[in-house]
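What follows is one structure encoded as structure tokens, with my remarks underneath.
The values are calculated or read from the model by the stated rules, or taken from the named source; none is laboratory data. Keep in mind that what you see is a predicted model, and the values were worked out from it rather than measured. Because the Cβ atoms are built from the backbone with ideal geometry, glycine has one as well, and the counts that use them run over all protein chains shown.
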Amino acid sequence: MVEKWGENYFLLGPYFAAKAASEFEPITDWNDSPAGKAAKKLHDSGIDVHYGYWLVTGKPRVLLFDFNSIRTRLEDIKFRLWENHKISTLHSEDLVNQVVLFGECIREFLKVYCADNYKKQEILSQFHEWMASSSLPDLVADDTRMASTFTTHATMLGRYLAQNVQGFYSKLPFFDWQQEAKNFGIEAQAGIERKAAQSAQVLTTVSDVTARECEVFLGRKPDLVTPNGLNVQRFQADHEFHNLHVKYKEKIHEFVMGHFFQNYSFDLDKTLYFFTSGRFEFSNKGYDLTLEAMARLNWKMVQANMDTTVVLFIVTKQPYHSINPDVLQSRAMLEEIHQTCTAIEKQVGERLFLSAASGDDNHLPDLNQFVDEYWRLRLRRTIQTWKTPRKPAFVTHDLVNRDDIVDYCEKAGLTNNEQDRVKIVYHPDFITYTNPLFGLDYGQFVRGCHLGVFPSYYEPWGYTPLECVVRGVPTVTSDLSGFGDYIMQIMRDFENRGIYVINRKSQTFSEAAEQMANILFRFVRMTRRERISQRNRVENIADVFDWNSLRSYYDTAHDLAARRKKPGA
């Protein structure tokens with residue numbers, strides 16, 4: 001967007017001091033742009049606004065509003081929302097209060113900006129989601145001189161209903177949005193979202209899947225779909241991204257050795273790493289289907305007497321007390337063994353070199369003679385201390401409460417038994433480079449894996465499978481996710497390219513689980529050469545999802561909004 005609009009593009013957001021300290025760079029000359037001049041007027045009127053650059057790709061200008069600076073006006077703003085638009089904010093959580101205060105800051109800013117600049121330039125505004133849009137109904141009602149586009153990435157009611165009502169999609173046309181909003185206590189959120197969608201010149205959403213929800217819950221059919229993308233950084237040669245896969249896979253190997261090998265071992269060269277990740281929505285994110293399919297895959301692999309091992313990482317966020325001390329200790333003990341082996345290797349190497357250079361015998365000597373008794377004893381004791389009959393934990397942290405993932409793993413027998421070919425590592429915290437278990441950031445972890453698994457039941461778009469594609473990692477998605485639906489529309493041979501789409505629209509849970517288990521079984525029987533070839537094919541379609549290509553959808557939406565805003569349109 002910065003490439004297209006240059007200095008005429010700027011972003012509005014809330015001010016949080018801790019985040020701003022690392023992501024925000026102030027601009028001292030507020031008169032360097034129309035946005036800065038408007039911000040100065042707001043600042044002088046008593047609204048605390050910060051003007052500067054957002055330190056992300058493109059370095060766009062950004063205005064951050066400290067909504068607490070107008071908290072004394074909260075009740076007046078809430079009254080106006082009810083009086084003008086019948087949006088009820090009674091008994092709502094404080095997040096709603098923050099949203100309407102932030103919205104008021106945006107309203108005041110856009111009023112000033114548009115009044116000062118509408119004669120000089122065409123003004124286009126893009127609102128994302130209900131949290132940014134509480135001011136949009138008033139701005140449109142006051143005939144502010146701008147064209148507006150509202151984009152919903154997931155409807156509030158869709159997210160709540162999908163995880164609480166069985167057969168959500170078949171019942172979709174029959175929901176009463178207002179009654180359901182009351183049932184879930186989200187009248188304010190749903191009301192703001194619906195009114196914003198109806199007020200904007202143009203309504204867009206991220207997929208055809210969510211478009212159907214918009215008609216029911218927002219009372220308006222979207223004007224067009226604006227698919228999500230990523231900034232894709234391509235490598236000039238295929239081997240470069242494959243080398244990264246090997247590098248980060250080695251780091252995952254280290255974790256797996258520390259986690260499993262103290263009890264039993266398996267061939268890491270014949271081990272495949274699958275992962276699923278996202279917010280904790282057990283059925284919406286398809287964790288239930290994933291675990292059922294993995295249990296069936298385990299049975300198929302055991303029956304086929306395969307010597308391949310699959311490790312499934314489940315990465316989500318759940319309350320926990322601490323990392324499991326046994327898991328941490330095992331990792332530390334493995335590091336001790338590694339350091340001991342490195343010392344022995346150095347000692348043997350030096351003494352072998354001396355023996356070879358000074359001796360007359362050209363045969364390889366007994367290397368045991370070159371190791372001091374100290375190091376032999378230390379290695380033996382460290383290994384004995386590390387080894388344990390205790391089964392490897394399938395949860396890496398001590399959870400505050402048992403949850404559905406733990407229950408399902410135990411019910412399905414996915415508890416890391418030695419004879420099982422499928423192992424589970426449930427990591428109830430997001431992965432960052434400071435993580436003591438992996439030492440990788442999330443993107444590196446994804447590159448080190450062989451397959452991403454995301455058979456979502458409710459997923460308006462689905463960034464997780466898309467993040468796999470741009471990193472050359474094959475992925476499983478579903479036809480109920482926006483991403484899966486989009487893939488099926490634009491590509492015929494998607495499975496050959498390493499994107500597997502589970503049919504969740506017309507199949508039962510059990511049928512979908514069996515389809516997925518069969519797909520996974522075929523995947524684990526692929527040769528290494530076949531997997532490398534598939535990784536290349538996946539990475540080669542990444543450009544389809546580059547924002548350089550997908551920005552055009554937003555350009556079309558903004559052009560349509562501008563045409564509709566013109567008098568007589």
Checklist entry - Looking at this structure, is residue 170 of a type in the set (Ser, Thr, Tyr), crowded, with 19+ Cβ neighbours inside 10 Å and either touching a Phe, Trp or Tyr at 6+ places or on another chain (Cβ under 8 Å) or at pLDDT below 95 (or both)? => result no
Checklist outcome for this item: Of the residues in region 358-412 that are hydroxyl-bearing (Ser, Thr, Tyr) and within 30 Å of residue 321 (Cβ to Cβ), the one that is surrounded by the most Cβ atoms within 10 Å (Cβ to Cβ) is 396
Checklist outcome for this item: Screening 87, 106, 70 for residues that are outside any strand (DSSP E or B), without any contact (Cβ under 8 Å) to a residue 60 or more places away in the chain, surrounded by 18 or more Cβ atoms within 10 Å (Cβ to Cβ) and over 26 Å from the mean Cα position of the chain (by Cα) leaves only 70
Item to check | In region 110-123, residue farthest from residue 42 (Cα to Cα) [restricted to those that are in contact with a Lys or Arg (Cβ under 9 Å, 6 or more places away or on another chain) and part of a helix (DSSP H, G or I)] | outcome: 117
Next on the checklist: Name the single residue that is farthest from residue 166 (Cα to Cα) among those in region 268-279 being of a type outside the set (Gly, Ala, Ser) and in contact with a helix residue (DSSP H, G or I) (Cβ under 8 Å, 6 or more places away or on another chain).
Outcome noted: 268
Checklist entry - Scanning for something among the β-branched types (Val, Ile, Thr), surrounded by fewer than 16 Cβ atoms within 10 Å (Cβ to Cβ) and under 24 Å from residue 260 (Cα atoms), does region 331-351 turn up at least one residue? => result yes
Next on the checklist: Can you tell me how many residues within region 24-38 are within 28 Å of residue 97 (Cα to Cα) and surrounded by fewer than 16 Cβ atoms within 10 Å (Cβ to Cβ)?
Outcome noted: 2
Next on the checklist: Being in contact (Cβ under 8 Å) with a residue 12 or more places away in the chain, within 24 Å of the chain's Cα centre (by Cα) and crowded, with 20+ Cβ neighbours inside 10 Å is the requirement here; does residue 258 meet it?
Outcome noted: no
Next on the checklist: Contact list please: Cβ distance under 6 Å, first residue in region 48-60 and of a type in the set (Gly, Ala, Ser), second residue in a strand (DSSP E or B), pairs at least six apart or on different chains.
Outcome noted: 52/24; 52/25; 52/26
Checklist entry - Quick one: is residue 326 assigned to a helix (DSSP H, G or I), within 30 Å of the chain's Cα centre (by Cα) and within 17 Å of residue 414 (Cα to Cα)? => result no
Next on the checklist: Can you tell me which residue is farthest from residue 33 (Cα to Cα) among those in region 121-138 that are free of Cβ contacts under 8 Å to residues at least 40 places away in the same chain and not small (Gly, Ala, Ser)?
Outcome noted: 131
Checklist entry - So which of 416, 435 is in the same structural domain as residue 509 (by TED's automatic domain parsing), in a loop (DSSP other than H, G, I, E, B) and within 27 Å of residue 289 (Cα to Cα)? => result 416
Checklist entry - Can you name every residue in region 518-569 that is under 25 Å from residue 451 (Cβ atoms) and outside any helix (DSSP H, G or I)? => result 525, 526, 527, 541, 546
Checklist entry - What about residue 361, is it of a type in the set (D, E, K, R) and not assigned by TED's automatic domain parsing to the domain that holds residue 271? => result yes
Item to check | region 459-475, subset part of a loop (DSSP other than H, G, I, E, B) and either among the small types (Gly, Ala, Ser) or modelled with pLDDT under 95 (or both), residue farthest from the chain's Cα centre (by Cα) | outcome: 472
Checklist outcome for this item: Residues of region 178-204 being buried (at least 20 other Cβ atoms within 10 Å of the Cβ) and hydrophobic (A, V, I, L, M, F, W, C), in sequence order, are 181, 186, 188, 190, 192, 196, 197, 200, 202, 203
Checklist entry - Here are some conditions: (1) modelled with pLDDT under 95; (2) hydroxyl-bearing (Ser, Thr, Tyr); (3) touching a strand residue (DSSP E or B) at 6+ places or on another chain (Cβ under 8 Å). Residue 133 meets all but one. Which one does it not meet? => result (1)
Next on the checklist: With free of Cβ contacts under 8 Å to residues at least 40 places away in the same chain, of a type outside the set (Phe, Trp, Tyr) and not in a loop (DSSP other than H, G, I, E, B) as the only criterion, which of 194, 220, 212 stands out?
Outcome noted: 194
